[in-house]
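A.B. asks: One structure, as structure tokens, below. Some questions next.
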Amino acid sequence: MVEQHIASAFDRDLEAIQAQIMKMGGLVEAAIMDAARALETRDEELAQQVRKGDKAIDGLEELINEEAARVIAIRAPAAVDLRLVLSVMKISGNLERIGDYAKNIAKRTAVLAQGPNVSESAAAMRRMAREVELMLKDALDSYIQRDVELAQDVIARDRDVDQMYNALFREFLTFMMEDPRNITPCMHLHFIAKNVERMGDHVTSIAEQVVYLVTGDKPEDDRQKADTTSSVPQEV
């Protein structure tokens, strides 16, 4: 009877933490798309909202980690249960980093809005951000449903994001070579594109956590990337 009570309390704790994960995921999904829309429409007010909203995302990560640590200390989970609690902490960390990248995009939007448009690249980056946002939605769904097939599909789609980034990178190089006045805005745009590409990496990490949670198989350390610009300095 006591063991059943403990198991029930543990399940309630996990449900509460996972509800916070989904809330955090919803905020991050919105941040991705709001940041991309603010960039495309040069909406400085929306960009500012994204920057302010990052505090709520950070707060949820802190709350989730505190609750997960409490569960480990009080419930002493083992085997699959411990793996579940640890995966929650890792997923919240990935979500927090994606939120940071959305905030970085919003910061650069304020700078770019003061100058002329260089190209239609902002629309291309919105499409790239949309793909990442859809990947994140599916990754979170795969986590809730324990759907390994869906998680593996998310992992495979990261190559599409990498290829979109590669195309934008080449486009920015072309614009910079054509006119030196394009160098500064194109550098900002390049870092924004890289932020979106890195979002995709963190979404992929979430999907990999799902695979590990369900199967117990750890993801390969050297995941194949389609980003051909790895020698270019990256913003963190």
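The values are calculated or read from the model by the stated rules, or taken from the named source; none is laboratory data. Keep in mind it's a predicted model, so treat the numbers as computed, not measured. No Cβ is skipped: glycine too gets one built from the backbone with ideal geometry, and neighbour counts run over all protein chains shown. Quick note on the areas: whole protein, heavy atoms, side chains included, nothing else; ligands and nucleic acids left out. Shrake-Rupley method; radii C 1.70, N 1.55, O 1.52, S 1.80 Å.
A.B. asks: Ignoring everything except DSSP H segments at least 4 long, calculate the 222 nm mean residue ellipticity for the chain; use -39,500 (n - 2.57) per segment, divide by total residues, nearest 500.
C.D. replies: -30000 deg cm²/dmol
A.B. asks: Then there's this: Report, to the nearest 10°, how far helix 79-112 tilts away from the longest principal axis of the Cα atoms in the chain, using its own Cα long axis and a range of 0 to 90°.
C.D. replies: Orientation of helix 79-112: about 20 degrees from the principal axis.
A.B. asks: Of the accessible area of the chain, with the probe set at 1.4 angstrom, what percent is carbon plus sulfur?
C.D. replies: C and S fraction of accessible area: 52 percent.
A.B. asks: Net charge around D81, counting only other residues with Cβ within less than 10 Å of its Cβ (Lys, Arg = +1; Asp, Glu = -1)?
C.D. replies: +1
A.B. asks: Using θ = phi - 60° and the Karplus relation 6.51 cos²θ - 1.76 cosθ + 1.60, list the HN-Hα couplings for the stretch 58-73 in order, rounded to whole Hz, with x at every Gly or Pro.
C.D. replies: Per-residue couplings from phi come out as 4, x, 5, 4, 4, 5, 4, 5, 5, 5, 5, 5, 5, 4, 4, 5 Hz.
A.B. asks: For a test of understanding, tell me how many lysine pairs in the stretch 1-215 have Cα atoms under 20 Å apart, given they are 8 or more places apart or on different chains.
C.D. replies: So the count of such lysine pairs works out to 14.
A.B. asks: Here's another thing I want to ask about it. What does the charge count around E61 come to, taking other residues whose C-beta lies under 13 Å from its C-beta (Lys +1, Arg +1, Asp -1, Glu -1)? It would help to have the intermediate numbers written out before the result.
C.D. replies: Details: positive: K23, K55, K90, R97; negative: D54, D58, E62, E66, E67, E96, D100.
Overall, the nearby charge balance is -3.
A.B. asks: Given contacts defined as C-alpha pairs under 8 Å and at least six residues apart, what's the relative contact order of the chain, whole-number percent?
C.D. replies: Reported relative contact order: 24 percent.
A.B. asks: Give me the accessible area of K23, 1.4 Å probe, in Å² rounded to the nearest 10.
C.D. replies: Near enough 120 Å² of accessible area.
A.B. asks: Could you tell me how many degrees, from 0 to 90 and to the nearest 10, lie between the Cα long axis of helix 2-41 and the main elongation axis, the longest principal axis, of the Cα atoms of the chain?
C.D. replies: It works out to around 10 degrees.
A.B. asks: Using a Gaussian network model on the chain with a 10 Å cutoff between Cα atoms, which of V28, V203, V211 fluctuates the most?
C.D. replies: Result for the chain, Cα springs under 10 Å: V211 fluctuates most.
A.B. asks: Taking K and R as +1 and D and E as -1, what net charge do the other residues with C-beta under 11 Å from the C-beta of H202 add up to?
C.D. replies: -3
A.B. asks: For the chain, with a Gaussian network of springs between Cα atoms less than 10 Å apart, report the residue from A78, A207, A19 with the top mean-square fluctuation.
C.D. replies: A78
A.B. asks: Taking the Cα centre of the stretch 1-215 as the origin, how large is its charge dipole in debye, to the nearest 20, when only Lys and Arg (+1) and Asp and Glu (-1) carry charge on their Cβ atoms?
C.D. replies: 480
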